[in-house]
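Values in this text are rule-based calculations from the coordinates and carry no lab data. Note that the structure is predicted; figures quoted are calculated from it, not measured. Heads up, the Cβs are rebuilt from the backbone with ideal geometry, glycines too, and the neighbour counts pull from every protein chain shown.
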Amino acid sequence: MCGIVGYTGHRPAGPIILEGLRRLEYRGYDSAGIALFNGPEEFYVAHATGKLDALVQRVEGSLPPAIAGIGHTRWATHGEPSDRNAHPQLDPDGRVAVVHNGIIENYEELRRRYGRGPFRSDTDTEVIAHILAGDLEAGMDLLEAMRHVASEAQGAYSLVAIASDDPGRLVAARVGNAGGIVVGVGEGEHLLASDLNALLPHTRNVTFLEPGEFADVRADTIAYVDIEGHPIAKTVEVLPYDPVAAVKGPYKHFMLKEIFEQPDSALDAIRGRYLTRPARVEFEDLAFLDEALAKSLTRVVLVGMGTSMHAAMVGRFYIERFARIPAEVDNSAEFRYRRPVLDEHTLVVSVTQSGETVDTLAAMDEARRAGCPQITLCNTPGAQTTRVADGTILLRVGPEIAVASTKTMIASMLLLHGLALRLGRLRGTLDPEEEAAQVEAALHLPAAIGEMLKSAPLIEEIASRYASNEDFLYLGRGLGDPIALEGALKMKEVSYIHAEGYAAGEMKHGPIALIDERMPTLAIAPRDEVFDKMRSNIEQVLARHGKVIALVSQGDHSLDDIVEDIITMPEVTPYLEPMVTVVPLQLLSYYIATERGADVDQPRNLAKTVTVE
Ligand code: M6R
């Protein structure tokens, strides 16, 4: 959730840290702060409530030429967004500065035991600075003190601390699953960050801290240790990312850029995986999933949150259809608390663009305890889910910066389709003709998404007429059901309009009571085997004076005269429709949000990566 950046090296640290925070601002944006070494035994510290710009304005002209320091963008958990609750947090003597992501569960008890004077903030972080300062005074060095903190502070969190009497040294800790720490390895300089994006302009050589690991970082050296202080050897990984991918380019918002990138994203996701002659799907990091394992599976459980859970709902359909294995979807946060029945014949598939969502990691822990084989679909190389799972399917769509997920959802759905085909082939449940047809259809999908995007001007015009509505209903059937849920989620997230998504058949069991002229309905109504039922649902809305925007198949004019607005989708094989029907729903939310003046890329109260329960 919060963004962390640290730098130590030979260049001015202030601008590097601020730029890194800019690239992480999507993680949290209610306040920000920076601490730099500023001459002997002294820090330069600045905090500002609100977005990063407020901090940039505050420090303008006053940043010291320090060559090391730390910075933070906050997503509040303990204490309202304010200057005094912003990070870095310091001890009363200003000897230690610390930034933090995650939650310290026993901070109140720690405050009683280790407080070195009055606390200035309401955060669970400040006490960490008190403990570290006390430990330094008692003769420990910063790394030792950090290990002590990790043994005392309960919860899942990551920390980076600096001490004014040890200039140029950064010490990082990762405890539990909340939020990772990536170390950027440079020449004569090193960086720390909660997220790869902050490092991209400087280096693609990185290491990742695992839970229970610490990094002791100076300009020329990095040492890794565990909680006992034993050294750990780490291999430097080289990131595949193109730094340009994290730039907005000509688009007004990252969300719009990422929506328009989707034909490329779909192609990037399947390139080298959907193969012809013979038609098949192969994944590079799924060697563990062999024929014997695939045939031994009795069940697949897909877990995820938010948009990723909606993608998983589409995936469930593919797995049952092509691999003929009973499949279910669970909200990660609910999964472990209902003590699910799991065994080594249950394949658990986690879907998560960040790979760091704490609820999904907790669900994976539950599955690991039960001995389930696990696959993760994730967009972040090296993320924690990729370390826990037995196999990874990387989405490969480049950084997604807008908080609202778009291109990662399309890639997740598509690669779940690929996983189902792979499983179907291994299990012998997939007819080769069907396999060839699906591979062929998937290879045409990027073009179909591109066709759908041509409706953007029409959708912008429609959006301008609905922007003042305060409620929205989304209806779909079959594969349209999760897309209806996703349409409603997108609308809520970026435009703050109350929106509900339903399986259309459910409407008459309650939601229909809401329908009137002020409650527009978006109906996903492709010409499939349930079209007539969908048409009946549309008639029911119209009979109650509701306005309907219908998303229909190419060449279908049967609704032209009865609904308010029609959006036509290009031809696509029915199974792959979700990857096309979701696009106009993303655009509608985007255009309504911009019409209402909402902060599309950084909606209020949200964060890109949710690392607290
Ligand atoms: O990183 P993840 O895919 O695990 O994130 C899951 C949800 O937090 C995420 O999909 C959230 O709902 C997005 N803001 C949706 O746009």
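Helix 126-137 versus the longest principal axis of the chain: what angle, 0 to 90°, nearest 10, using Cα atoms?
In the chain, helix 126-137 runs at an angle near 30 degrees to the longest axis.
In the range 67-93, whose amide N lies under 19 Å from the spot 7 Å out along Cα-to-Cβ of ARG111? List them in ranges.
Only 75-93 pass the distance filter.
Rounded to the nearest 5, what is the percent of antiparallel bridges among the DSSP beta bridges in the chain? Before the final figure, lay out the partial values.
Working: 61 of 99 bridges.
If we restrict to bridges inside the chain, about 60 percent are antiparallel.
Cross-link candidates for LYS608: which lysines have Cα within less than 30 Å, leaving aside residues fewer than 8 places away along the same chain?
LYS51, LYS234, LYS248, LYS252, LYS257, LYS407, LYS454, LYS490, LYS492
May I ask you to derive the relative contact order of the chain, considering only C-alpha pairs under 8 Å and at least 6 residues apart, and to give it as an integer percent?
Relative contact order for the chain comes out at 12 percent.
Do any GluC sites (Glu not before Pro) in the range 132-211 lie in a DSSP loop with no more than 11 other beta carbon atoms within 10 Å, and if so, which? Before the final figure, lay out the partial values.
Working: sites: GLU137, GLU144, GLU152, GLU187, GLU189; in loops: GLU187, GLU189.
Those satisfying the criteria are GLU187.
Put a dot 7 Å past each Cα toward the Cβ at ASP556 and ASP220; how far apart are the dots in nm?
6.9 nm
Assign one of three labels to the range 454-595, namely rounded, prolate or oblate, based on the Cα gyration tensor with a ≥ b ≥ c the square roots of its eigenvalues; rounded applies when a/c is under 1.5, prolate when it is not and a/b is larger than b/c, and oblate otherwise.
Values: a/c = 1.36, a/b = 1.07, b/c = 1.26.
Because its axes are fairly even, with a/c under 1.5, the range 454-595 counts as rounded.
If you rank ASP30, ASP141 by fewest surrounding Cβ atoms within 10 Å, what's the result?
Exposure proxy ranking, most exposed first: ASP141, ASP30.
Could you work out the percent of alpha carbon pairs in the range 135-240 separated by over 16 Å, rounded to a whole number? Mind showing how you got there, number by number?
Details: 3108 of 5565 pairs.
Counting every Cα pair in the range 135-240, those more than 16 Å apart make up 56 percent.
Which value in nm describes the separation of the simple spin-label points at ARG368 and ASP83, placed 7 Å from the Cα toward the beta carbon?
Those two pseudo-labels are separated by 4.3 nm.
Scattering from the C-alpha atoms of the range 225-372 alone, worked out with Debye: what is log10 I(q)/I(0) at q = 0.14, 0.15, 0.17, 0.19 1/Å?
-0.95, -1.05, -1.21, -1.30
Under the Kirkwood approximation applied to all pairs of distinct alpha-carbon atoms, what is the hydrodynamic radius of the chain in Å?
The Cα-based Kirkwood calculation yields 25.3 Å.
Between the helical axis of 13-24 and the dominant principal axis of the chain, each derived from Cα atoms, what acute angle in degrees is found, rounded to the nearest 10?
20 degrees
Using only Cα atoms and rounding to the nearest 10 degrees, what angle (0 to 90) does helix 578-595 make with the longest principal axis of the chain?
That works out to roughly 60 degrees.
Calculated FRET efficiency, ALA467 and THR235, Cβ-Cβ r, R0 51 Å, to nearest 0.05?
Approximately 0.50, to the nearest 0.05.
As an exercise, identify the GluC sites (Glu not before Pro) in the range 1-61 lying in DSSP coil whose Cβ has no more than 10 other Cβ atoms within 10 Å.
GLU60
In what order do ARG95, ARG271, ARG465 fall by count of nearby beta-carbon atoms within 10 Å, going from fewest to most?
Ranking ARG95, ARG271, ARG465 by Cβ neighbours within 10 Å, fewest first, gives ARG271, ARG465, ARG95.
Once you have a ≥ b ≥ c as the square roots of the Cα gyration tensor eigenvalues for the range 46-199, tell me rounded if a/c is under 1.5, and otherwise prolate or oblate according to whether a/b is larger than b/c.
On the way: a/c = 1.33, a/b = 1.17, b/c = 1.13.
Rounded.
Between LEU458 and LEU275, 0.36 nm times their residue separation minus their Cα-Cα distance comes to what?
Length gained, LEU458 through LEU275: 62.3 nm.
Note down the magnitude of the dipole of the chain about its Cα centre, charges +1 on Lys and Arg C-beta and -1 on Asp and Glu C-beta and zero elsewhere, to the nearest 20 debye.
280 debye
For a quick check: sort ARG113, ARG422, ARG339 by the number of other beta carbons within 10 angstrom, fewest at the front.
Going from least to most buried by this count: ARG339, ARG113, ARG422.
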